[in-house]
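For reference, the structure is listed below as structure tokens.
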Amino acid sequence: MKKEVCVLCVCVNSIEESLKFYCDALDFEVETTYGDCIVRLKSKGVTLLLKQIEDGYPPHPCVVPGFETEDISAEIENLKTQGVKILHDKPQVFPAGLFVAYKDISGNIFELLEFISEKK
């Protein structure tokens with residue numbers, strides 16, 4: 001199945017400090033907050049999320065492209081059959097739904113995302 005990037009997750013050390021930078025310096029506006037660790041910024045096109053790093057994932061600030069799926073479990077199995085290195089044994093819960101991270105052959109991290117509001 002062809003994938004389209006649905007989100008760029010910018011992993012940050014501090015949501016509060018990052019919001020000052022993205023909103024004040026770069027003129028973004030907050031669209032939605034998910035708990036106290038994820039903020040969706042208003043953007044045309046690909047969604048930009050700020051995610052405060054917690055529990056060592058990812059291990060440092062970075063940008064993680066995310067691909068949306070309607071069936072994360074099936075997609076995980078498909079990736080496994082292709083020999084893709086999955087970083088989680090099962091889908092992980094986050095405030096907006098479920099995700100699983102995986103690496104490409106160069107070690108770059110990507111995520112599959114299944115949003116709660118989009119479940120049927």
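The values are calculated or read from the model by the stated rules, or taken from the named source; none is laboratory data. As the structure is a computational prediction, the values presented were derived from the model and not from experiment. No Cβ is skipped: glycine too gets one built from the backbone with ideal geometry, and neighbour counts run over all protein chains shown.
Just a few scattered comments:
- Selection status of Ile86, under 17 Å from the mean Cα position of the chain (by Cα), buried (at least 17 other Cβ atoms within 10 Å of the Cβ) and more than 16 Å from Lys51 (Cβ to Cβ): no
- Within region 39-83, considering residues that are closer than 16 Å to Phe21 by Cα and in contact with a helix residue (DSSP H, G or I) (Cβ under 7 Å, 6 or more places away or on another chain), the one surrounded by the fewest Cβ atoms within 10 Å (Cβ to Cβ): Gln52
- Flag for Ala101 being modelled with pLDDT of 90 or more and under 13 Å from the mean Cα position of the chain (by Cα): yes
- The set of residues from region 22-38 being of a type outside the set (Val, Ile, Thr), farther than 11 Å from Pro95 by Cβ and surrounded by fewer than 17 Cβ atoms within 10 Å (Cβ to Cβ) comprises Cys23, Asp24, Ala25, Leu26, Asp27, Glu29, Glu31.
- Criterion: under 14 Å from the mean Cα position of the chain (by Cα), free of Cβ contacts under 8 Å to residues at least 60 places away in the same chain and on the phi < 0 side of the Ramachandran plot - qualifying residue of Leu49, Leu79: Leu49
- Failed item in (1) over 14 Å from Leu112 (Cα atoms); (2) in a strand (DSSP E or B); (3) modelled with pLDDT under 90, with Cys6 passing the rest: (1)
- Of all residues making up region 41-61, the number that are at pLDDT below 90, in contact with a Cys (Cβ under 6 Å, 6 or more places away or on another chain) and within 20 Å of Glu4 (Cα to Cα): 0
- For Val12, the stated conditions do not hold, so it cannot be described as touching a residue at least 24 places away in the same chain (Cβ under 8 Å), loosely packed, with under 13 Cβ neighbours inside 10 Å and within 16 Å of the chain's Cα centre (by Cα).
- Residue that is modelled with the highest pLDDT, among those in region 83-98 that are in a loop (DSSP other than H, G, I, E, B) and under 15 Å from Thr69 (Cβ atoms): Pro91
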